[in-house]
Each structure stands twice: as C-alpha cells, then as structure tokens.
Amino acid sequence: MRTRLRIEAAISAYLSEHEIVPSSAWLVELPKDRSNGDYASNIAFVLARTLKKSPPVIAADLATSLPAYFKDPAWQGIQIVAVNGFINFILPATVCWQALQDETFAKGDESNPERILLEYVSANPTGPLHIGHGRWAALGDSLARVLKRVGHSVQTEFYVNDAGNQIDKLLASVSAIKAGKPVPDDGYGGAYVKDLVDEADPIVALMKLQENTLRDFRVEFDTWTREKETLHDTGLVQKSINELKQKGIAYLEEGALFFRSTDWGDDKDRVLVKSTGELTYFAADIAYHQQKALRGYDRLINIWGADHHGYITRVTAGIKALVGDTPILEVLLGQLVTLLRDGVEVRMSKRTGDMVSLQEVIEEIGADAARFFLVIKNADTHLDFDLDLAKKQSNDNPVFYVQYAHARICSILRKSEQKPLVHPALDLHPTELKLLKFLLSFEDEVILAASRREPHRIANYLIELATHFHAFYHDCKVNVEDQAMAQNRLAICLAVKRILAEGLELLGITAPESM
RNA sequence: GCGCCUGUAGCUCAGUUGGAUAGAGCAACGGCCUUCUAAGCCGUAGGCCGAACGUUCGAAUCGUUUCAGGCGCACCA
C-alpha cells in the first residue's frame with residue numbers, strides 16, 4: 001500500500017472510531033520543508049471549527065492517539081509530532097526499505113484507470129519539424145509514459161494534415177522548382193523544398209523526414225492518421241456534416257453552411273462549408289474528433305500550442321453535438337518557444353526556410369539535453385531556447401548532473417565486492433537517511449505528474465534526488481571495511497539507481513553506466 | 001474591446017486543489033581531491049513573490065481592480 005495512503009487510512013480510522021466528521025477536505029502531503037517530517041497532515045486545521053478547539057490542541061491529541069493505528073511491524077517506531085497545528089509523521093527507515101523492495105513501487109497507482117488517446121505534435125507535412133514541435137514532442141511523449149506508468153491505457157497519435165491549402169501551396173512550389181520557375185510568393189522557399197523534386201510523393205517524403213527526426217528524439221507514435229485518406233476520401237467529413245444538418249444544428253446563411261456552436265457556449269457559429277463550396281479546416285477537425293470518439297476512449301487529450309486556444313470551445317462543441325459527453329476532450333495548451341541565437345530571436349518561417357530545425361538542435365546538443373531542456377519547464381510558461389546557451393551549458397546542464405549520479409552509482413557497483421543486503425537494524429548516517437526517505441516521495445511525484453499532466457515535475461524531482469545522492473556520496477563511503485554497512489549502502493545505491501533510471505525513462509532520457 | 005497564459009533573488013526558473021522561517025541552478029565571494037568519477041560537496045551573500053484592496057485563524061497560492069509582456073478573437077490552416 002502506498003505510504004501516503006497508509007497514513008490517511010490511520011487518520012480516517014481514528015475519525016470514524018471517534019465519530020468525527022470533518023467539515024471539509026483534509027490531506028496528507030509532503031511537507032514543503034522536509035526537516036519537519038516525511039509526511040504532514042492539516043487535519044487539525046480542518047477539525048478546528050467542528051471540534052471548537054484550536055488546531056495545536058487537536059494536533060497534540062491526535063499525535064498521542066495515532067501511533068496506536070500503526071500496528072504493522074515495519075511501521076513500529078513511527079514518530080508523530082504536533083507542531084504549530086500540523087501533525088508531522090516521521091517514518092522509520094524500515095517503511096522505506098519495505099516500499100522500495102516492492103516491485104510495484106510507484107507504479108499503477110491510479111484508482112480510476114482510463115483509456116486515453118493522446119494526440120500531439122500533429123505538424124503539417126509541409127517542412128521539417130522545429131523547436132516548437134520539439135516541445136510538444138518531449139512533453140507529449142513524457143506525459144504518455146507517465147500516464148501509462150500510473151495505470152492508464154494510452155494510445156498516441158500523430159494527425160497528419162495532408163489536405164488543404166498549405167499542401168496545395170507546397171506542391172505548387174515543388175512543381176515550380178521542377179519546371180525551373182521561381183517559387184510563388186505565397187509558396188515554400190526553404191532549401192528542403194529543392195530536395196523534394198525527385199520524390200514521387202513529396203508529402204510522404206516529408207512525413208518520413210518528420211518521423212525520422214522524432215525517432216532520433218526517441219518519440220514514437222502508435223498511429224499516424226492521415227486526414228486525406230481517413231476523412232476526405234472515405235466521405236467521413238461529409239457524413240459528419242450531414243449528421244449535423246439532420247440534427248438541425250447546421251444552417252445555411254449567405255451561401256455558407258454554419259455549425260450552431262453557440263449552443264455549446266461558443267462566441268459565434270462556425271463555418272463548415274464556405275460559400276465557395278470548399279470545406280473549412282474546422283469541418284475536417286470535427287469529423288476527425290468524431291472518429292476519435294467513436295474509437296472507444298474515455299478521454300481524448302490533445303496538446304496544442306497556445307495560439308490554438310480559440311479552437312477548444314468549437315471542437316468541444318462539435319464532439320458534444322455529434323457524440324455526447326463521453327469521451328471527454330481535454331486540451332493541454334503549451335506556450336510557444338522562442339528560439340534564440342546569441343540572445344537574438346531567430347524568426348521561424350517554413351515559407352522562407354529561415355529556420356533551425358529540430359533535427360539540427362538534436363545534432364548540436366543531443367537528444368538527452370534537448371529533451372530535458374524542453375520538458376523541465378512548466379508547459380504554460382513561455383520558453384526561450386537559446387541555442388548557444390544550450391550548447392555552452394552542455395557541461396553544467398542539469399541533465400548531466402542527474403546522469404552523473406547514475407554513472408557514479410554504476411562505478412561504485414563495479415568496484416564493490418559485496419552483495420547488496422538490507423540490515424534494518426543498522427543506524428544510518430543522517431545524509432543517508434535523508435536520501436532513503438527522498439526516494440519514497442517518487443511515488444507521490446509520479447502520481448502528481450500524471451494527474452496534473454505535468455511531466456516537468458519528474459525532471460525537478462530527479463535533480464533533487466541527484467543532489468541528495470551526491471551529498472550521500474560525499475558523506476558516506478559505500479565500499480567500506482564494515483561488511484554490513486557496505487551491504488546496506490550498496491542496497492541504497494541500487495535503489496537510487498533504479499529510481500534515477502526509471503525517472504529518466506519517463507523523460508525518454510538515457511541513464512549512462514559511465515561518463 | 002473580449003478571452004487565455006505569464007510576472008517570485010542580478011539571470012533562468014521551482015513552489016499555486018490556501019498552511020509552518022518563500023526554494024534551487026547559474027553568475028559573485030570563500031573553503032574541500034594521499035579516500036568508490038571534483039561533470040562533485042560545503043559555506044557566504046542576494047527577496048515589499050508586478051501593484052492595490054478583499055476573503056480567511058492563515059495568501060506567492062483564492063476573488064476583484066490595476067500595470068507590464070506573450071498569444072488568440074476569419075467563409076486562414
């Protein structure tokens with residue numbers, strides 16, 4: 001059982017035995033300052049009004065009563081102290097050892113597993129991917145890994161917009177070059193376009209290009225869905241439109257067909273078929289989301305750039321109109337990335353070809369550093385990605401700091417002549433104990449990263465774990481004469497190695513054996 | 001004008017389902033390699049959490065207002 005849940009259960013048992021009903025939600029959490037304890041609860045604050053006593057008094061009562069609710073052998077020796085109204089729980093090392101030896105530690109903890117379709121990147125096949133796509137790729141792939149780890153069933157999808165205006169323009173540009181004519185003003189003039197003239201199918205070639213870049217970035221999709229063959233050639237877009245007409249939520253006005261999205265809270269109704277007879281991109285998008293919904297998921301998660309914010313309401317309206325309330329559409333917005341060179345913004349334009357591709361970034365600084373840089377910041381803060389800085393910093397980049405901890409452990413293991421073995425009775429050095437306990441909070445971070453869709457938490461956790469390990473390395477020599485101590489410390493090293501490797505795996509970053 | 005995001009140390013950012021003295025890295029300064037990788041460790045310094053008011057026992061966190069920056073408000077994709 002998860003450590004936090006075990007503590008919550010004890011408090012709940014106490015409450016129900018004493019027939020106390022809290023007036024609002026209480027929780028057991030990781031204290032901001034770990035020196036206060038390993039876990040803490042605010043229950044005394046919540047009960048203050050109900051019991052008409054001050055939080056410190058209630059906390060003191062609970063602190064003396066609660067130990068009786070931890071009878072399990074491993075929990076013997078738990079310290080429960082009341083400070084300023086908080087109840088702090090200081091765990092015995094045996095609880096940590098027990099949790100860490102469990103194969104399912106920090107895995108599959110989701111109480112409501114869902115079938116999720118996660119769609120991300122979905123770049124137009126009109127050019128190479130750039131750093132912005134890289135952010136969605138790093139974010140989406142890590143999120144998929146995190147969601148799977150806690151027990152959701154996740155399928156990832158890349159939607160290929162291979163129909164419409166931009167595609168026509170690209171093909172026109174390729175034809176123009178082939179015919180020795182200049183590229184049209186609104187066409188694509190990037191160097192890569194010239195390489196497409198010999199391709200039988202330039203779109204497929206560009207998809208391959210994007211797929212290869214993503215593979216170099218360690219991002220692979222379960223499915224690639226092509227708009228043209230899946231939605232247009234099959235007549236599914238028209239079918240969706242017809243359904244809307246039949247339901248009376250699409251109407252003709254001034255020669256255009258409108259979808260009454262205002263029925264679902266949109267600002268204005270949206271055009272499905274232009275007065276010219278052309279379908280809008282939105283029409284295809286509605287059909288696409290209807291199809292996704294019909295494939296049987298509980299939830300559709302899309303990662304979009306913040307510039308697509310305005311689309312959420314109308315696409316949600318489309319799903320509700322055609323399918324209903326399930327699946328839920330959840331859109332994660334990420335703020336855009338500005339690529340800087342020497343502190344100066346590099347304008348990104350596929351049309352002019354003035355861009356630095358994701359492929360180039362990966363080749364310059366490596367997939368590990370690039371992924372870490374792109375995923376470490378909260379997705380809703382704007383990201384300045386300075387190429388020169390990233391290159392320059394490659395030596396003191398946090399990703400190396402974390403990887404170095406892993407490599408150091410591997411080195412220790414290679415030199416060791418002992419077998420790791422836990423000696424629960426052994427006294428631990430304070431730094432050692434801190435490290436051991438910090439390992440335990442991995443499960444809470446993973447849960448949080450999953451439920452809030454925030455993979456950057458994993459990156460921050462790993463940096464902190466590496467910090468604890470490096471301090472341990474400094475304070476506690478592992479390969480010492482004392483056999484029991486050496487075995488114990490080796491066991492800690494193995495546990496740290498495992499969590500570092502699993503955490504890095506969640507971010508799609510390698511865990512090197514040596515550096 | 002309306003909507004969304006951001007504003008925390010010199011710089012880059014954590015911390016935001018309300019909680020304990022607001023944290024880290026980089027940059028600055030000072031220590032630590034006869035000891036398992038110094039890509040490391042330890043210490044010093046650095047803050048009216050953009051501003052104001054409000055809710056609360058308690059606010060960086062919630063509400064209102066306001067200032068600054070970014071992004072959207074198409075019969076474009």
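The values are calculated or read from the model by the stated rules, or taken from the named source; none is laboratory data. It should be emphasised that the depicted structure is a prediction, and the values quoted were computed from it without experimental measurement. A quick note on method: Cβ atoms are made from the backbone with ideal geometry, for glycine too, and the neighbour counts reach across all protein chains shown. Areas reflect the complete protein model, heavy atoms only, side chains present, ligands, DNA and RNA absent. Shrake-Rupley method; radii C 1.70, N 1.55, O 1.52, S 1.80 Å.
Remarks
- Exclusive hit being among the β-branched types (Val, Ile, Thr) and not in a loop (DSSP other than H, G, I, E, B), set A:Thr316, A:Thr381, A:Thr326: A:Thr316
- Restricting the range A:412-448 to residues that are exposed (fewer than 13 other Cβ atoms within 10 Å of the Cβ) and among the aliphatic types (A, V, I, L, M), the residue that is farthest from A:Ala144 (Cα to Cα): A:Ala425
- When the test is whether a residue is among the aromatic types (Phe, Trp, Tyr), in contact with a helix residue (DSSP H, G or I) (Cβ under 9 Å, 6 or more places away or on another chain), crowded, with 16+ Cβ neighbours inside 10 Å and in contact (Cβ under 8 Å) with a residue 60 or more places away in the chain, A:Tyr473 passes it.
- Scanning the range A:302-322 for residues that are under 21 Å from A:Val237 (Cα atoms) and of a type in the set (A, V, I, L, M) yields A:Ile312, A:Val315, A:Ala317, A:Ile319, A:Ala321, A:Leu322.
- Subset tally (residues that are of a type in the set (Gly, Ala, Ser), in a loop (DSSP other than H, G, I, E, B) and more than 7 Å from RNA strand B (Cβ to nearest atom)) for the range A:30-61: 1
- Any chance A:Arg498 is more than 22 Å from A:Val446 (Cβ to Cβ) and assigned to a helix (DSSP H, G or I): no
- Residue match in the range A:422-444 (condition: within 9 Å of RNA strand B (Cβ to nearest atom), part of a helix (DSSP H, G or I) and farther than 23 Å from A:Lys377 by Cβ): yes
- Leading residue by the ranking (modelled with the lowest pLDDT) among those in the range A:339-361 that are crowded, with 18+ Cβ neighbours inside 10 Å and touching a Ser or Thr at 6+ places or on another chain (Cβ under 7 Å): A:Lys350
- If the condition is being of a type in the set (Gly, Ala, Ser) and without any contact (Cβ under 8 Å) to a residue 40 or more places away in the chain, then the range A:167-212 contributes A:Ala172, A:Ser173, A:Ser175, A:Ala176, A:Ala179, A:Gly180, A:Ala200, A:Ala205.
- Entry remark, the range A:254-306: residues being charged (D, E, K, R), in a helix (DSSP H, G or I) and under 24 Å from the mean Cα position of the chain (by Cα) number 1 in total.
- Each residue in the range A:166-190 was checked for being among the small types (Gly, Ala, Ser), away from RNA strand B (no atom under 15 Å from the Cβ) and over 26 Å from A:Ala138 (Cα atoms), and 5 of them qualify.
- Unique match (being under 30 Å from A:Phe372 (Cβ atoms) and either in contact with a Phe, Trp or Tyr (Cβ under 6 Å, 6 or more places away or on another chain) or open to solvent by 20 Å² or more (accessible area, probe 1.4 Å) (or both)) among A:Arg260, A:Arg295, A:Arg218, A:Arg226: A:Arg218
- Filtered residue count, the range A:242-278, keeping only those that are in contact with a helix residue (DSSP H, G or I) (Cβ under 6 Å, 6 or more places away or on another chain), among the aliphatic types (A, V, I, L, M) and within 30 Å of A:Pro125 (Cα to Cα): 1
- Unmet requirement for A:Pro73, which otherwise passes all of (1) open to solvent by 60 Å² or more (accessible area, probe 1.4 Å); (2) touching a residue at least 24 places away in the same chain (Cβ under 8 Å): (2)
- Residue tally, condition within 8 Å of RNA strand B (Cβ to nearest atom) and not hydroxyl-bearing (Ser, Thr, Tyr), over the range A:380-394: 5
- Test: residue in the range A:481-490 that is crowded, with 23+ Cβ neighbours inside 10 Å and more than 13 Å from RNA strand B (Cβ to nearest atom): no
- Residue-level analysis places A:Val271 outside the set of residues that are farther than 24 Å from A:Ser451 by Cβ, at pLDDT below 95 and touching a strand residue (DSSP E or B) at 6+ places or on another chain (Cβ under 9 Å).
- Filtered residue count, the range A:213-244, keeping only those that are more than 16 Å from RNA strand B (Cβ to nearest atom), part of a helix (DSSP H, G or I) and touching a residue at least 12 places away in the same chain (Cβ under 8 Å): 6
- Selection count where residues are more than 7 Å from RNA strand B (Cβ to nearest atom) and open to solvent by 40 Å² or more (accessible area, probe 1.4 Å), scope the range A:15-29: 9
- Flag for A:Val197 being modelled with pLDDT under 95, over 30 Å from A:Ala449 (Cβ atoms) and surrounded by 17 or more Cβ atoms within 10 Å (Cβ to Cβ): no
- Filtered residues of the range A:307-328 (kept if open to solvent by less than 40 Å² (accessible area, probe 1.4 Å), within 16 Å of RNA strand B (Cβ to nearest atom) and touching a residue at least 40 places away in the same chain (Cβ under 8 Å)): A:Arg314, A:Thr316, A:Ala317, A:Gly318
- Only residues that are more than 19 Å from A:Pro455 (Cβ to Cβ), touching a Phe, Trp or Tyr at 6+ places or on another chain (Cβ under 8 Å) and open to solvent by 30 Å² or more (accessible area, probe 1.4 Å) were counted in the range A:374-411, giving 2.
- Scope the range A:455-478; condition in contact with a Leu (Cβ under 8 Å, 6 or more places away or on another chain) and either part of a helix (DSSP H, G or I) or within 6 Å of RNA strand B (Cβ to nearest atom) (or both); matching residues: A:Arg457, A:Ile458, A:Ala459, A:Leu462, A:Leu465, A:Ala466, A:His468, A:Phe469, A:Ala471, A:Phe472, A:Val478
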